[in-house]
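These notes concern the structure reproduced below.
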4 protein chains.
Amino acid sequence: MIDKKLEELVKKSVTQTLQEKNVLGKYSKINEATQNSKKVLSEAYVAQPTKFNLNTELLSDKTKAAHQELFEGYIKELNATAAQLDTADRENVNPNHSQFRSLKLDEIHNHNASFLHGLYFQNISDVNSEISADSLAFMRLERDFGSFDLWQEDFVACCMAARNGWAMTVYSFNLKRYINTVIDLHDQHVMVSAFPVIVMDCWEHSYFKDYLKNRKAYVYGMMKELNWDVIEQRFKVADKIGALL
Amino acid sequence: MIDKKLEELVKKSVTQTLQEKNVLGKYSKINEATQNSKKVLSEAYVAQPTKFNLNTELLSDKTKAAHQELFEGYIKELNATAAQLDTADRENVNPNHSQFRSLKLDEIHNHNASFLHGLYFQNISDVNSEISADSLAFMRLERDFGSFDLWQEDFVACCMAARNGWAMTVYSFNLKRYINTVIDLHDQHVMVSAFPVIVMDCWEHSYFKDYLKNRKAYVYGMMKELNWDVIEQRFKVADKIGALL
Amino acid sequence: MIDKKLEELVKKSVTQTLQEKNVLGKYSKINEATQNSKKVLSEAYVAQPTKFNLNTELLSDKTKAAHQELFEGYIKELNATAAQLDTADRENVNPNHSQFRSLKLDEIHNHNASFLHGLYFQNISDVNSEISADSLAFMRLERDFGSFDLWQEDFVACCMAARNGWAMTVYSFNLKRYINTVIDLHDQHVMVSAFPVIVMDCWEHSYFKDYLKNRKAYVYGMMKELNWDVIEQRFKVADKIGALL
Amino acid sequence: MIDKKLEELVKKSVTQTLQEKNVLGKYSKINEATQNSKKVLSEAYVAQPTKFNLNTELLSDKTKAAHQELFEGYIKELNATAAQLDTADRENVNPNHSQFRSLKLDEIHNHNASFLHGLYFQNISDVNSEISADSLAFMRLERDFGSFDLWQEDFVACCMAARNGWAMTVYSFNLKRYINTVIDLHDQHVMVSAFPVIVMDCWEHSYFKDYLKNRKAYVYGMMKELNWDVIEQRFKVADKIGALL
């Protein structure tokens, strides 16, 4: 299904177009390489996953290694999906059975899985975790949830509510406030028009090895080590986006 | 379940805090009214739906009226959900059965339904629809899909692929490009970290009265009347967001 | 993706192996045609849809015709999916992106859609609808719901609850009783181990043309014309199954 | 939400009406206790979970204990949901937000989770596992999949395809054959009208503690110890059901 030439183009373009400063560390699309022809849609992109070295002692080395592998698996499949999409038939699509539909759904599944994991790894495992009361993060959570403690209570509730999925604090473009949301799997119950600032993995693969079914202990542990420096930067961007709306 | 006092507060705050310039026209949260106490989480918000008067002759008056009613129904339930969330128990939440979880899922369902409908009504029904080749919209679609025609082909394919749901062109914060996505119902397969710029309703209620099962005729019709002025403004915002990332 | 020879086999086998007495009227699998080789898995089956001629005046001719077409579309895609499954790679399957997974999901979607529609068409549109108090159906509903009226109330509630989907009364093998269930789309929230006896389509395509958003009027109308003779036969089978468990 | 009297009735009826021979070991509905009044719908049922003592050495004691606890949690929530359903408002139900809808969905989630786990625990962990070529199970799998090996290949593929969910071999009442299916979570992509005969848990909680992300090793292990005596009885029932259709 993957055109051989395209595959070569993809590989070639990786080395040419790696981009810095990205959730995944290095992530680049190959539009540049294929846009001259303008004959086919060019959705293929190539991601090279960051190697995360988590310092936390609240997760075992085995869990960390397995989680990194899962993360890399999602990125691999995201790339495979995107490559296949470039040549998928768009003429005869129907909602009941068509390759294009299946690929678009897998694309979102793997896209979300890849980037949510990136956001998660980046915002946990700060063994010197500290939030200052005059940080933007603190002030915004206080403004929109009533107090920092109430945000925590609500966020933990979201973590406990996910049916193998995620909890997130996002900035909602529509509500113009920060709000907590619950995701099942990687792409169910996702709020449209939102910018994630705090992300917690609540799939069983995150904690079952180390905490068995005690998800709450895992969540409390991760929350004690949230990287508020990373999170602060996200709030700054979110606030700037808010000003544009 | 809805506290009576809260309901009064909600109603009172509507008249006080209606906001201008919003996808829903007027949409305001009642945080202001309740934040003094800081005793409870304040998620309740109040939306007052815009009355859309669609000029298009490609949809019957009955379809237009029914669609407006559905839209108002979603907003009503969004408000009801948000009000109930304010007092929902957050201590004993689990993924298998808890009021908090059910409310959070209904919140997202109704949130997405409300705002997607708002975006949809705003970007259709321009009987003088025209896109200029030097508009930002045109240039970005050309850049990211190879050509305007290829965007169209891909977008129509997404419309045909949705299993009672939506097709959207969004700006993806992760991929740093515009991309088309398929949503089932209102909240399945939603891309995280994205800003919608073109939105098409592909639920059967949009077209079955007028087009029966001929979804393609409906989609082509709506696309001929896309409001490119409205869409242009969204691309401008999306591009500015892109510059912040 | 569909092997040409297989396609011929499929077509040939249709005329050979049509079976009588089936929810879909005529439905046959082509196992017989392919099992000699025993080289490949043979999941392909061929369905030939019944033409339903609904007498009811509560649905327009246009709705009836469009619904029959949708029904035939599901069967067509069920057959296409099954044919592709015969040769799909089973060695390199993963949960994130693989043709086998996509096909298995489409198979269930189209299977359920096909057979639920069959059950629905068969059990509505009896203009002389009547239920006798000494029928098995009546007695079982009374036994398991407290009274016939309570069953009705609960069933209508399920019809109103479906988010574009189905309501069903099923015999549950685990609970050993009849129970009402809500399905979203065709395959979400489906009870395992159950035998459907009463089936109501609550997708918008069933009623939007004729009733717009007044789903309740549609449901009441259909319930007045339930074919209790057809339903009685299903209860008899369900009860016999119950005796085997 | 749970009426106190009802709760007493429930407790009282447990001791009166425990039933033998059930997937969950002891499982009883309280219809008998409440049907005299015929004033309320009586959906509440009470399940008392079997304690499974798995002999297998392919799962750690910690995994076994945690899995038993999860199983008991599902049953607890199934009972809680059913009790709340007895008094839930059925008058004002809508698809967007209503307690009745939320409860019905949780009921199916916990019902499926409870009974699928029961079927799974019963059909694994036979350290002397053996299938005889003249067993009904063997002959039926050979008939419907071409050979026993082809069934295995297809079943393993389904195990690998599940996105945190289940693989099952079921007897399909519509197709009149055994077929393998993939379930996500506990209630997505479930085939209607089917009787499960072989059930494999593919949630991460089944294997992550012991096998990390190597799901295939877990699946192969469990398949080597399938309890074909238990499974044979299920095939016998399935075949008898088939004869009734």
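Side notes on the structure shown:
- Residue count, the stretch D:77-99 (criterion: more than 17 Å from residue C:150 (Cβ to Cβ), more than 7 Å from every other protein chain (Cβ to nearest Cβ) and either open to solvent by less than 30 Å² (accessible area, probe 1.4 Å) or under 22 Å from the mean Cα position of the chain (by Cα) (or both)): 2
- Residue D:153 open to solvent by 10 Å² or more (accessible area, probe 1.4 Å), free of Cβ contacts under 8 Å to residues at least 24 places away in the same chain, assigned to a helix (DSSP H, G or I) and touching a helix residue (DSSP H, G or I) at 6+ places or on another chain (Cβ under 9 Å): yes
- In the stretch B:227-244, the condition of being within 30 Å of residue C:207 (Cβ to Cβ) and in a helix (DSSP H, G or I) is met by no residue.
- Restricting attention to the stretch A:116-149, the residues that are assigned to a loop (DSSP other than H, G, I, E, B) and within 26 Å of residue A:207 (Cα to Cα) total 8.
- In this structure, residue A:106 does satisfy being among the acidic types (Asp, Glu), closer than 24 Å to residue D:189 by Cα and within 14 Å of chain C (Cβ to nearest Cβ).
- Criterion violated by residue C:172 - all others in (1) crowded, with 24+ Cβ neighbours inside 10 Å; (2) closer than 19 Å to residue D:110 by Cβ; (3) small (Gly, Ala, Ser) satisfied: (1)
- Within the stretch B:74-106, being under 13 Å from residue B:45 (Cα atoms) and touching a residue at least 12 places away in the same chain (Cβ under 8 Å) holds for B:75, B:77, B:78, B:79, B:80, B:81, B:82, B:83, B:84, B:85, B:86.
- Unique residue being buried (at least 24 other Cβ atoms within 10 Å of the Cβ) and in contact (Cβ under 8 Å) with a residue 60 or more places away in the chain when the list is D:206, D:135: D:206
- Within the stretch D:163-203, the set of residues being free of Cβ contacts under 8 Å to residues at least 24 places away in the same chain, part of a loop (DSSP other than H, G, I, E, B) and within 14 Å of the chain's Cα centre (by Cα) comprises just one member, D:191.
- Tally, over the stretch C:47-76, of residues that are outside any helix (DSSP H, G or I) and within 11 Å of another protein chain (Cβ to nearest Cβ): 2
- Annotation: of all residues in the stretch C:216-226 being open to solvent by 30 Å² or more (accessible area, probe 1.4 Å) and touching a residue at least 60 places away in the same chain (Cβ under 8 Å), the one that is nearest to residue D:245 (Cα to Cα) is C:224.
- Residue match in the stretch B:100-114 (condition: more than 30 Å from residue A:160 (Cβ to Cβ) and surrounded by 23 or more Cβ atoms within 10 Å (Cβ to Cβ)): no
The values are calculated or read from the model by the stated rules, or taken from the named source; none is laboratory data. Fair warning: this is a prediction, and the values are worked out from it, not measured in the lab. Glycine gets a Cβ as well: all are built from the backbone with ideal geometry, and neighbour counts include every protein chain shown. Each accessible area value is taken on the protein alone, full model and side chains, heavy atoms only, with ligands, DNA and RNA left out. Shrake-Rupley method; radii C 1.70, N 1.55, O 1.52, S 1.80 Å.
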